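What follows is a single structure, written as structure tokens, with notes after it.
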Amino acid sequence: RRKILLICGPGNNGGDGLVAARHLFFFGHYDCTIVYPKRTSKEHFVNLVKQCEDVGIPFFDEMPGAEELATYDAIVDSIFGFSFKGEPREPFGTIMKQMMEAQKQNSHLQVISVDVPSGWNVDEGDVAKTGFVPDILVSLTTPKSCSKEFTGRHFIGGRFLPPAIASKYNVQMPPYPGVSQVMEVTREQIEG
């Protein structure tokens, strides 16, 4: 079984991480742990936490130490999403540094960002100069403009945008194969 650490922020991107943890648990091949240092009292997020707790997914309020981090196969970055602006606030600035250090020290460890790499501006990329670059990016519904700066493996997940909405906002949905809900895309496909 693969060990997955999911780091969840206080907003919608963190909610995506909580949902991902629950799905990974039900896939049956993953042991998930969640770092969730700034929980919100909003009912939706309280319910997502309860769903994870109900299936026995453990929660930490802070990052595990370097030795413990080395035992994980992957870290899912769901700290900040597309509404992020400025520089990472604490405790997330420190958490991001710990995540980057673990990524650098452990060649087997893959860091996977949900929708937008944490600390990146949705349109312009790493304008705060955090230096964070995940190994894998999973864009939800459609790639964001900052993904043009991303050079790792890139997947698009979420085949759920109604055609009328896609047309209204001029979103070009990828050609998902068969009934797949996710597909890997190349840099050339992103740049059009």
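Assorted remarks:
- Some residue of the stretch 120-137 being within 16 Å of the chain's Cα centre (by Cα) and under 21 Å from residue 177 (Cβ atoms): yes
- Once the stretch 134-187 is narrowed to residues that are of a type in the set (Lys, Arg) and under 20 Å from residue 120 (Cβ atoms), the residue that is most open to solvent (accessible area, probe 1.4 Å) is 153.
- Residue in the stretch 164-183 that is touching a helix residue (DSSP H, G or I) at 6+ places or on another chain (Cβ under 6 Å), in a loop (DSSP other than H, G, I, E, B) and under 30 Å from residue 90 (Cβ atoms) present: no
- Meets criteria (closer than 20 Å to residue 135 by Cα and not hydrophobic (A, V, I, L, M, F, W, C)) for residue 73: yes
- The stretch 7-20: number of residues that are touching a Phe, Trp or Tyr at 6+ places or on another chain (Cβ under 9 Å) and in a helix (DSSP H, G or I): 6
- Selection status of residue 60, among the hydrophobic types (A, V, I, L, M, F, W, C) and either more than 20 Å from residue 153 (Cβ to Cβ) or touching a Leu at 6+ places or on another chain (Cβ under 9 Å) (or both): yes
The values are calculated or read from the model by the stated rules, or taken from the named source; none is laboratory data. Because the structure is predicted, anything quoted here is derived from the model rather than measured. Using ideal geometry, Cβ is built from the backbone for each residue, glycine included, and neighbour counts are taken over all protein chains shown. Accessible surface is based on the protein model in full, side chains and every heavy atom, while ligands, DNA and RNA are left aside. Shrake-Rupley method; radii C 1.70, N 1.55, O 1.52, S 1.80 Å.
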